[in-house]
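No lab work stands behind these numbers, since they all come straight from the coordinates. Not measured: the values here are computed from a predicted model. Here the Cβ positions follow ideal geometry from the backbone for every residue, glycine too, while neighbour counts run over all protein chains shown.
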Amino acid sequence: MRTGFRMFRGYVSGTPFNSGGAPTTDQQRYDLMSHSENIDTTGCDRITAISTRPEICGGSIRAVQTGLQGDWVSWNAIGPYVHVPDGGSITATIGITVERGLYSDLIHYPEDYDLYQAGLLSQEDLFHKYPAVENAFNAQVAYEGVYERPRFGSVNVVPNCFGCEAGLRLPRGSTPISLQENCLGRLEQPIRLITDHTYTWFNFDCDFCTGQAGFYQRHWEARTPPLSPNLNVSASYNYTDNPNRVVAGGDHRITLAWDNLSENRPDPKTREFDFRTYRVWKAADWQRPAGSAGPSDDDWSLVAEYRMFDYADSNFRHEPTTDTLLCPKVLVLNYDYPPGHPHCAEETASLYPDRIPLERGGCRDSATIGVCLRRGDLWDRQSGKILRPDTTVDCARDAAGKCIRDTGLVVRRLGPPVVGVKTRFQVGRYRLVDEEVKNGFLYFYSITAGDSTVFGELFGRRAAIESDAVTPQAATREGPSVWVVPNPYRGFPGIAQRPSSWDLTPSASDPTGSHIDFMGLPPGRWKISIYTVSGDLVAVIQSDDAVNASTRHSVTGSDGVERPGYNRQQDDANDGQARWNLISRNGQDVVSGIYLFVVDSDQGQQRGKFVIIR
């Protein structure tokens with residue numbers, strides 16, 4: 001029996017059902033999913049495992065190209081699956097490959113594919129003309145993977161007969177059941193017992209080339225870096241109402257915080273905890289180029305690279321603070337103090353609390369110092385800065401309130417494998433402060449994790465979308481201190497001409513792309529009223545107004561409570577900055593002129609003015 005697509009329909013969003021679009025009723029869904037629309041079922045009449053009906057055989061997609069442009073949606077059915085026991089499950093993997101091509105090639109591909117099927121066009125020629133097809137073929141080869149022997153005698157997880165690729169095992173506590181395999185109309189094997197304590201292997205696809213006795217088939221045989229950690233600047237975490245949030249935006253600073261997920265996920269192939277390095281990336285000066293969802297690969301710059309010290313021994317130490325301090329690394333620092341300066345030792349200790357001078361004859365003479373590390377510390381070799389886990393941060397907990405613990409193998413151990421358990425911690429396990437930022441500007445951050453392999457270190461890809469951007473916010477101030485930036489605002493047509501270089505290219509969610517900011521707002525709740533010089537009310541901004549609701553959706557936190565996922569004008573108690581997009585309360589873009597503002601709060605009332613030039 002051949003498993004493949006049984007139905008496929010692709011259409012531009014909004015197309016009616018009768019014109020090849022989406023079904024809207026249960027009857028339409030049933031009609032669509034029960035037919036072999038756009039599927040090539042050639043050869044299905046030779047499949048007789050269950051029936052000779054062609055419609056029970058899976059095939060390949062043969063949809064006609066329409067040439068329509070828009071947001072495409074697809075419906076598909078995959079099968080058949082005739083040996084699924086009660087309570088069983090099916091996992092389907094669909095690979096989507098993308099390669100540059102011409103529309104003319106897309107039009108001519110069906111006829112060239114027919115030539116290939118007829119043996120009149122070679123596979124090499126087909127790949128040369130259609131690179132996307134070769135890309136898809138390579139993805140399929142990667143998925144097929146390789147066959148490996150199990151490590152250290154785990155014989156129960158590999159087939160025990162040739163051609164047996166499907167292993168069945170019941171959930172714990174289940175009553176054993178019997179199953180007799182039916183292959184091409186013949187009873188291939190006697191009745192076999194499926195239990196809850198070991199795997200029973202079957203050759204359900206009737207193909208003796210898909211399973212090898214004594215070997216495990218590892219799909220997606222490819223090198224993979226560790227997962228990136230959860231970061232406090234991600235849109236799903238950085239929202240005002242998150243009760244557990246480590247606030248990112250501060251006054252001329254951004255505080256990055258992340259968890260230890262990268263360290264706790266073992267390598268999918270070796271099952272070892274082989275994490276080694278964090279890389280911290282930053283993207284600035286992004287102005288939303290047309291069609292861009294976030295920074296491109298060329299926009300990122302490396303901020304720091306923190307490498308774990310003595311990571312093999314530190315994997316399973318529960319009290320790293322009690323480990324002996326080690327000072328194996330030596331740095332040479334050049335100080336401007338003359339020899340014998342009276343505050344030399346004090347200055348060194350205050351500037352570098354994690355470094356211990358090895359000599360004390362004067363700063364110039366004692367320039368060689370040791371970097372003192374505990375097992376499990378991370379340190380940047382270039383700067384010598386140490387990143388130490390915060391042991392006060394609570395563990396990550398499951399639905400039952402228990403600490404989440406991950407199991408894997410201790411890395412690089414000789415002899416039989418040693419199983420270790422690592423505790424997973426919440427965001428805040430590591431923190432890094434970036435003070436090279438300006439209030440009111442957008443910044444993006446990404447942290448990638450690397451491991452150690454025989455091929456060298458592998459790192460994940462840096463990435464962020466627009467809703468992940470963070471902005472440093474001016475601190476609150478007591479007394480009459482509110483001011484507007486920029487003032488005057490000069491709205492030149494070209495973004496590059498504007499002195500307010502934080503302006504962005506307009507988009508559907510941000511129709512102006514421009515803004516002015518009120519800074520030095522008082523603590524507590526406040527309201528800003530903006531007027532023309534003639535006294536007409538233009539706009540009202542309140543401390544609890546949403547800032548980015550158009551690009552954020554609600555978020556369900558670790559406590560199971562759903563909360564709004566947007567940021568508010570007053571993002572936290574220390575936030576003294578508010579943004580106005582120059583849109584009036586009537587939805588109109590404001591014109592040039594002098595504007596007055598009034599700030600009402602518990603501190604009293606403040607007044608000021610600003611100018612807009614367009």
So, R0 is 45 Å and r is the distance between the beta-carbons of D545 and F208; what FRET efficiency does that work out to, to 0.05? 0.10
To make sure I understand the rule: partners must be aspartates and glutamates, Cα under 17 Å from the Cα of K129, and not fewer than 8 residues away in the same chain. Which ones qualify? E99, D105, E111, D112, D114
Can you sort M7, M33 so the residue with the fewest Cβ neighbours within 10 Å comes first? M33, M7
Taking 0.36 nm per residue of separation between A399 and R498 and subtracting their Cα-Cα distance, the length gained on full extension comes to 30.6 nm
At 0.36 nm per residue, and after removing the present C-alpha to C-alpha distance, how many nm does the segment from D559 to R169 gain when stretched out fully? 137.1 nm
Take the eigenvalues of the Cα gyration tensor for region 204-283, scale each by 5, and report the square roots as semi-axes in whole Å, largest first. 41, 15, 11
Could you give me the ³J(HN,Hα) list for region 264-275, computed from phi with Karplus coefficients 6.51, -1.76, 1.60 and θ = phi - 60°, whole Hz, x at Gly and Pro? 9, 9, x, 4, x, 9, 8, 6, 9, 7, 9, 4
Cα-only radius of gyration and Dmax that characterise region 373-474, units Å: 17.8, 57
Convert each backbone phi in region 560-569 into a coupling constant with the Karplus relation 6.51 cos²θ - 1.76 cosθ + 1.60 (shift: θ = phi - 60°), then list the ³J(HN,Hα) values in order as whole Hz, x for Gly and Pro. x, 8, 8, 9, x, x, 8, 9, 9, 4
Phi angles of region 248-253, converted by Karplus (6.51 cos²θ - 1.76 cosθ + 1.60, θ = phi - 60°) into ³J(HN,Hα) in whole Hz with x for Gly and Pro, give 8, x, x, 7, 6, 7
Strictly greater than 12 Å: what percent of every Cα pair in region 513-558 meets that? 76
A 30 angstrom limit on the alpha carbon distance is what I want to check against. Which of K269/K402; K385/K438; K282/K609; K269/K385 exceed it? K282/K609; K269/K385
Take the Cα atoms of region 483-613, build their convex hull, and give its volume per residue in Å³. 125
Is there a quick way to get the dipole size of region 483-613? I mean about its Cα centre, with the Cβ of Lys and Arg at +1 and of Asp and Glu at -1; what is the value in debye to the nearest 20? 380
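Ranking V73, V393 by Cβ neighbours within 10 Å, fewest first, what do you get?
On the way: V73 14, V393 18.
Going from least to most buried by this count: V73, V393.
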Tell me the label-point distance for the pair I177, S534, using the 7 Å Cα-to-Cβ offset, in nm and rounded to one decimal. 7.9
Assuming R0 = 60 Å, what is the FRET efficiency of K269 and D589, from their Cβ-Cβ distance, to the nearest 0.05? 0.60
For a footprinting-style exposure proxy, rank T407, T512 by other Cβ within 10 Å, fewest first. T407, T512
Would you pull out the residues with amide H under 5 Å of E457's amide H, same chain only if 5 or more places away, H placed 1.01 Å from N? none
